[in-house]
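The values are calculated or read from the model by the stated rules, or taken from the named source; none is laboratory data. Keep in mind the model is a prediction, meaning the values are calculated, not measured. A quick note on method: Cβ atoms are made from the backbone with ideal geometry, for glycine too, and the neighbour counts reach across all protein chains shown. Please note that ligands, DNA and RNA were not included when accessible areas were found on the heavy atoms of the full protein model with its side chains. Shrake-Rupley method; radii C 1.70, N 1.55, O 1.52, S 1.80 Å.
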Number of protein chains: 2
Amino acid sequence: MKLKETKIECFLALPDIISLLNLSFGFLAILMALNNQITISSIFIIIAVIFDSVDGWIARKLSRIDKYGFGKNIDSLSDIVSFGVAPAVLLYIIGASFSNEIGYLSAVIALFVVICGVLRLTRFNVISDKIDFKGFVGVPIPTTGILLSTFILSRLFNIYLGMFLMVVVGFLMISNIKYKKFYNPQILPIIAILVLLAIIPNSMIFWGINIPATIIFIITLVYVFITPMLNLFKN
Amino acid sequence: MKLKETKIECFLALPDIISLLNLSFGFLAILMALNNQITISSIFIIIAVIFDSVDGWIARKLSRIDKYGFGKNIDSLSDIVSFGVAPAVLLYIIGASFSNEIGYLSAVIALFVVICGVLRLTRFNVISDKIDFKGFVGVPIPTTGILLSTFILSRLFNIYLGMFLMVVVGFLMISNIKYKKFYNPQILPIIAILVLLAIIPNSMIFWGINIPATIIFIITLVYVFITPMLNLFKN
């Protein structure tokens, strides 16, 4: 490869721009969190999840041949910012607002989540074209973002349960539990509508609860916990 | 590859632990920045740079055969946190402390630096084993961390110059200017001593200036700017 062939324009395609939008909303979620804009930060993380889901879909629609792995690399580097650092910072900011002790504890958990996220993404990049089965090894990293954000948006958030969930998801990310790919064309439009309703501020609040956010939170919880539980019964 | 071969312990080696230390100090630099601990945040970024320099060196000493690219992947995912997000957040926190306008401007520049960092690392991962010349294509990403941190530690920091430098380094990261690898066994111990002196708080302050930090800042500036300038004369 010659120097002139190393220009970034030589590699960049539409799905990569979508990945950069995922990255941008992830990074802006961090800036929002540190300005104590907890709700907006959560919404931005969900928007990052949406772009993250769309980039792979567009790449398939365009029949992209990602010869050099540019798409795969830009995707995981964006994911660590949006679903590793952003949820971690958000958890810490909320934790530190309670007390010094909860602040320190949430800082440790935040660091743990980021480390697990990096390990999860690194392993994914290494094994993705070498495994002979479908599905994910370890819970996918956007789960941290979806769980924490919908928990916050649901208005049912509890800091102790939030910290506990992040620790568990951290361990599940670096586990080698096999998760099924969730792809059902019938249910997908319903999920999409729920997500949109969940992130429109004050849209679907009944009895003090954001109903769509609560539903997504519960669906994600079930997805995360049902596989390890079924594994327990199998053994 | 079977499921049991996907355990993270199957891949993890000593250099990866060093990469995780780089990541950890990078992430803690973010938490320090958002607690307005600007000096500690800068020191943590420099410590992350040290671990980042050491991991490759240890991998070579151990003659590590990174068959699957686990080391390369964990390294770049750590780098985007320590030298993309951390300096960006630090710049934003300082900018926002001046005025709303500088806050907004520094947020935009921070986002730009993170995007350029992701593009730089993605391209590096894609071309690193395909280019037929030695050296870096585009200025390496730790430059953002070294420049901003030593500028702050030097006590000569100016927000306008800081923002300007970050924009320029962003463009130089995504450029395809060829940078030489800086490796000189004679000068390396001197640089190491300078770095250690620079990060010991209040150690070498004369005339209100941190001398070692200032020297590293100037050396880095020269490294960053001399190559594009020489290229201008060549053309």
Extension gain from B:I193 to B:F225, taking 0.36 nm per residue of separation minus the Cα-Cα distance: 9.1 nm
Residue of chain A whose Cβ sits closest to the axis mapping A onto B, with distance in whole Å: A:L34, 2
Average accessible surface area per residue within the protein assembly as shown, 1.4 Å rolling probe, Å²: 46 Å²
Nearest-0.05 FRET efficiency for B:I58 and A:E9, computed from C-beta distance (R0 30 Å): 0.25
Estimated dipole of the protein assembly as shown in Debye, rounded to 20 [Cβ of Lys and Arg +1, of Asp and Glu -1, Cα centre]: 1180 debye
Inter-label distance for B:K67 and B:N176, nm, one decimal - labels placed 7 Å from Cα along Cα-to-Cβ: 3.4 nm
Accessible surface of A:I218 - all protein chains present, 1.4 Å probe, nearest 10 Å²: 90 Å²
Inter-label distance for B:I50 and B:N36, nm, one decimal - labels placed 7 Å from Cα along Cα-to-Cβ: 2.8 nm
Neighbouring partner chain Cβ atoms per residue of A:102-114, average, 10 Å criterion: 2
Nm distances between copies for A:N100, ranked from closest, using label points 7 Å along Cα→Cβ: 3.4
The stretch B:87-235: mean projected area of Cα convex hull, nm²: 10.4 nm²
Value of relative contact order over the stretch A:13-234, rounded to a whole percent, pairs C-alpha under 8 Å and six or more apart: 20 percent
Most fluctuating residue given options B:A110, B:A29, B:A96, as computed from a GNM of chain B linking Cα atoms under 10 Å: B:A96
Chains B and A, summed buried accessible surface - 1.4 Å probe, Å², nearest 100: 4700 Å²
Across the identical copies, how the B:F164 labels are spaced - nm, sorted shortest first, 7 Å along Cα→Cβ: 5.5
Per residue, the convex hull volume that the Cα atoms of the stretch A:149-235 enclose (Å³): 118 Å³
Average partner coverage of B:10-23, which counts Cβ from other chains inside 10 Å: 2
Other protein chain Cβ atoms within 10 Å, averaged over every residue that makes up A:129-141: 2
Cβ charges +1 (Lys, Arg) and -1 (Asp, Glu), total dipole of the stretch B:13-234, debye: 600 debye
Cα gyration tensor of the protein assembly as shown - equivalent ellipsoid semi-axes, whole Å, descending: 36, 26, 21
Value in Å of the Kirkwood radius, where the stretch A:1-99 supplies the Cα pairs that are averaged: 14.4 Å
Debye log10 I(q)/I(0) at q = 0.09, 0.16, 0.21 Å⁻¹ for the stretch B:52-158, Cα point scatterers: -0.30, -0.80, -1.15
Cβ crowding within 10 Å averaged over residues, with A:154-163, B:66-75, B:126-135, A:141-150 ranked highest first: A:141-150, B:66-75, A:154-163, B:126-135
The stretch B:19-31 - phi-based ³J(HN,Hα) in whole Hz, Karplus 6.51/-1.76/1.60, Gly and Pro as x: 4, 5, 5, 3, 4, 5, 5, x, 5, 5, 4, 5, 4
